[in-house]
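Rule-based calculations on the coordinates, nothing more; no lab input. In this text, all values refer to a predicted model and were calculated from it rather than measured experimentally. Backbone-built Cβ (ideal geometry, glycine too); neighbour counts: all protein chains shown.
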Amino acid sequence: MNDVPLLQIDDLAVTFETRGGKVEAVRNVSFQLKKGEALAIVGESGSGKSVTSYATMRILDRNGTVAGGRITFGGMDLTTASEAAMSDLRGRELSMIFQDPRSALNPIRTVGRQIEDVLLRHSQATRHDMRAKAIEMLRKVKIARPEERYHAYPFELSGGMCQRVVIAIALACDPQLLIADEPTTGLDVTTQKAVMDLADDLRRQSNLSLLLITHDLGLAATYCDRIVVMERGRIVEAAEARTLFAAPRHPYTRRLIAAMPRRSAGLRDLLPPGDTKRAPPTRPAIAAEPLLVVDKLTKTFGPKLGLPGRLFGKSEAPAPAVDRLSFILHRGESLGLVGESGCGKSTTSSMIMRLLDPTAGQIVFHGERIDQIPRARFASSPLRARMQMVFQDHTASLNPRFTARRSIADPILRLGRRRDRRSLDQRVAELAEKVSLPPELLDRFPHQLSGGQKARVGIARAIALSPDLLILDEPTAALDVSVQAVVLNLLADLRAEMGLSYLFISHDLEVVRLLCDRVIVMRAGVMVEEGLTGEVLTHPRADYTRELIDAIPSIEPDSALPNAPVTDDPAAGVPAAPVR
Amino acid sequence: MSRISLVAGRIALSLPTIFGVIVISFLLTRALPGDPAAYFAGPTATPESIAEIRHSLGLDRSLPVQFLAYLQDLATGDLGRSISTGQSVLSDLLTRLPASLELTFLALLISLLVAIPAGILAATRPDGIVDQATRFLVTAGVSLPTFFTGLLLLFIFYFKLGWAPSPLGRLDILYLPPPQLTGFYLVDSLLAGDFETFRAALAQLALPAITLALFTMAPIARMTRAAMIAALGSEYIRTARAAGLSRRKVLFVYALRNALLPVVTTLGMVFSFALGANVLVEKVFAWPGIGSYAVDALISSDYAAVQGFVLTMALLFVTLNLLIDILYTLLDPRIAHES
């Protein structure tokens with residue numbers, strides 16, 4: 001390894017011109033990256049980690065400028081380099097991969113052509129051999145049947161495969177530095193592991209340097225040698241990965257590590273040190289009587305055919321999205337429903353909420369067959385008020401023209417009996433207090449609230465009618481870890497206080513471990529395993545459960561190691577690309 | 001589903017639309033005020049002669065029977081006879097339709113050639129000079145009525161400057177129309193190798209086409225600008241930039257091809273606006289197209305002519321939308337997948 005750093009950033013400052021004046025997004029940022037080294041920049045949203053990487057690539061938005069400092073790459077100052085020189089470097093010397101691989105690819109150009117574009121641009125191929133080289137790149141990123149996939153459009157590939165294609169584009173010209181900006185956020189854990197292992201392999205093969213931008217400490221710990229922690233535009237700590245987790249020096253790093261759901265921590269351990277809540281949350285008594293019984297629930301989505309499809313297409317019976325799923329949820333119990341995207345967990349919750357009609361099977365709630373109530377009539381059924389839902393996307397699930405107060409009052413106005421203004425206001429204030437939402441925020445609109453505050457509004461709205469059952473669909477997946485820690489604790493306290501039952505849908509086993517008594521693991525619409533959370537997580541019986549647990553990147557030393565054999569995408573064979 | 005079966009399905013779906021149009025055009029003309037039998041019989045007619053004419057026109061039969069007879073006539077290509085011109089409606093339309101289409105197509109061509117580059121330039125530098133100029137042109141284009149723009153252009157280029165020939169039809173009386181092949185004078189004169197006539201036809205076409213183009217430019221330029229801004233801000237453009245692709249490639253291959261999708265959709269709408277605006281432009285420039293024909297027919301309660309016009313326009317729209325849909329399917333690989 002060479003001692004001269006490949007990338008050196010000194011005292012970088014980036015400002016953005018906004019309507020409210022100049023905003024300093026990044027300041028005093030300095031670090032260096034050696035050849036072949038893997039460095040992670042870790043931080044929560046707004047920490048400036050992505051801005052730093054965009055500034056390095058010089059692809060900041062039009063309103064952003066490097067206000068000070070130097071970025072030296074292989075002896076060249078990138079902040080003063082001409083645009084033509086930068087454009088030559090990008091893709092050839094420094095490459096970047098992004099979050100949400102599907103939208104990072106041109107939707108109407110075949111993936112093969114997109115790889116060729118880069119090869120041609122940097123004279124790494126001619127018109128004669130570009131096709132062979134593009135297919136070779138697809139093979140290198142372990143895409144099965146590369147000759148066929150060369151002709152595929154991004155929408156014909158799974159998310160994991162799209163990210164492999166993005167990696168192929170980034171590495172096609174053999175660069176020296178790869179910047180990965182949240183490369184696996186939004187991908188399933190097993191896909192995340194496959195993609196990251198692949199990137200790690202390729203990195204080691206060609207002595208590539210990696211700059212990983214992530215919010216996930218576990219991911220950083222697993223794949224990087226050194227970690228830089230950023231908070232609000234500044235670097236608060238930089239250290240070797242091992243040292244950082246063993247002895248974090250900065251209080252922010254300590255808070256961040258503490259807030260990460262992990263094997264050795266309880267729910268209260270996640271809270272920042274100053275928090276007064278230390279006693280473990282009490283669990284409500286679990287009644288013997290079942291609250292919700294789901295029996296052989298099945299949902300098959302019919303082939304969507306319009307008139308032309310019926311006239312000219314051929315129909316084939318698709319596999320059921322949910323296949324004979326049965327479980328019982330007792331009063332006061334918290335049940336986790338875990339699985340990767342497409343496993344049928346959200347379809348299940350939609351059927352229980354009666355947003356979707358089941359194809360077969362029964363749903364019994366409070367002793368009544370709710371699957372037999374017509375979908376349109378269920379909204380006005382008294383049972384409808386007994387179950388409520390909290391959604392993953394806290395912004396999209398709030399009406400942008402409603403204040404927080406109006407949003408929380410909404411179910412009361414629609415389903416409750418309380419009508420007069422005074423008692424309504426009083427009830428909303430009570431609910432806000434229950435979810436620790438400061439009363440002065442009640443008159444704000446969603447865009448004026450932070451992610452955590454919007455989550456609280458969503459939860460307050462869900463408990464407004466004192467329901468018995470809350471269906472929580474990935475309620476913390478979009479939140480920063482420190483906010484997630486607080487929201488999870490809030491949910492645990494609410495459940496104890498109000499005797500609620502939870503159906504908690506998540507892809508994150510660590511979060512489920514903290515909040516659920518029992519867990520169901522689903523895969524491709526079928527229940528793979530069911531049991532007490534502690535048992536399932538420590539002694540999984542199904543291989544799939546073990547695979548899920550092993551794929552969780554962890555900061556703890558006993559965890560699974562990377563560089564397990566890289567397998568192709570689990571979903572690789574599914575949306576078989578129609579080859580033209 | 002393959003693209004071919006998708007296109008076939010789309011064509012099948014347009015058949016009920018066409019039938020619906022036939023029904024509506026039939027009923028619409030029956031509902032219009034005025035009695036064609038009385039009109040036909042002339043001012044000195046007696047009630048008996050009117051009744052006789054009514055009988056000979058088949059107007060005394062019940063509506064369903066009339067409709068069936070109408071369908072039968074349509075199947076043989078008989079659109080009836082125009083009361084005012086005395087010609088068969090089909091031949092009237094066939095001579096006048098090319099005049100209108102030539103005008104509309106040239107106007108759309110001009111407007112695409114101006115609006116798309118303007119939209120692209122405006123999107124690459126929002127609030128720059130080109131953007132401001134485009135905004136001005138676009139606002140003027142939509143807010144001024146076409147007959148006014150037409151008269152204004154005539155005032156300047158014909159009356160004041162004398163650059164344009166007198167606005168009296170498709171060709172100056174000094175020239176003979178070129179031998180008819182397509183009915184488009186520009187194309188026919190070129191095919192005949194008669195550049196003199198081509199120049200004369202173009203001179204006549206220029207002002208009305210520009211008038212119409214000014215009107216159709218606005219939605220195209222706006223949509224191109226908006227779609228380009230959206231495309232340029234998208235994540236695949238960021239990826240393309242991060243891969244070092246040239247500015248040219250990013251702009252034209254990555255952004256523009258994606259941005260053209262909504263523009264193509266808009267084009268269908270714009271074409272129908274243009275056909276509507278044709279009526280006024282044709283009146284101002286004494287253009288012998290189907291728009292002015294339809295207005296005259298409507299005023300004189302000339303059913304068969306109005307019916308024929310409505311039907312022709314509807315078929316044009318259906319065909320056009322079909323073409324746009326097919327074009328869209330070819331441009332966007334995702335369409336075949338979604339359905």
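The table below gives the values:
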{"quantity": "Fewest-first ranking of A:443, B:325, A:188, using other Cβ atoms within 10 Å as the exposure measure", "calculated": "A:443, B:325, A:188"}
{"quantity": "Per-residue ³J(HN,Hα) for segment B:256-263, Karplus 6.51 cos²θ - 1.76 cosθ + 1.60, θ = phi - 60°, Hz, x for Gly and Pro", "calculated": "5, 4, 6, 6, 5, 4, x, 5"}
{"quantity": "Convex hull volume per residue in cubic angstrom - Cα atoms of the protein assembly as shown", "calculated": "239 Å³"}
{"quantity": "Over 23 Å (Cα to Cα) - which of A:49/A:142; A:142/A:193; A:34/A:193; A:133/B:249 fall in this group", "calculated": "A:49/A:142; A:34/A:193"}
{"quantity": "Estimated FRET transfer efficiency when R0 is 56 angstrom, pair residue A:144-residue A:285 (beta carbons, to 0.05)", "calculated": "0.60"}
{"quantity": "Beta bridges by DSSP in chain A, antiparallel share as percent, to the nearest 5", "calculated": "55 percent"}
{"quantity": "Theoretical ellipticity at 222 nm over the protein assembly as shown - DSSP helices of four or more residues, -39500 (n - 2.57) apiece, nearest 500", "calculated": "-15000 deg cm²/dmol"}
{"quantity": "Within 10 Å of each Cβ in B:243-254, the average number of Cβ atoms from other chains", "calculated": "6"}
{"quantity": "Kirkwood hydrodynamic radius of segment B:92-299, Cα pairs, Å", "calculated": "18.6 Å"}
{"quantity": "Length-normalised contact order of segment B:246-309 in % [C-alpha pairs under 8 Å, at least 6 apart]", "calculated": "17 percent"}
{"quantity": "For segment B:168-247, alpha-carbon Rg relative to the globular expectation (2.2 N^0.38 Å, N residues)", "calculated": "1.85"}
{"quantity": "Percentage, to the nearest whole number, of Cα pairs in segment B:230-330 over 24 Å apart", "calculated": "49 percent"}
{"quantity": "Ellipsoid equivalent to segment A:411-518 - semi-axes via the Cα gyration tensor, in Å", "calculated": "24, 17, 11"}
{"quantity": "Whole-number percent relative contact order across segment A:202-248, with pairs defined as alpha carbons under 8 Å at least 6 apart", "calculated": "23 percent"}
{"quantity": "Contact order normalised by residue count of chain A, Cα under 8 Å, 6+ apart, percent", "calculated": "16 percent"}
{"quantity": "Between segment B:130-183 and segment A:477-533, the alpha-carbon center distance in angstrom", "calculated": "70 Å"}
{"quantity": "Distant alpha-carbon pairs in segment A:335-475 (separation over 26 angstrom), percent", "calculated": "28 percent"}
{"quantity": "Per-residue ³J(HN,Hα) for segment B:140-154, Karplus 6.51 cos²θ - 1.76 cosθ + 1.60, θ = phi - 60°, Hz, x for Gly and Pro", "calculated": "4, x, 7, 7, 8, x, 4, 5, 5, 4, x, 5, 4, 4, 4"}
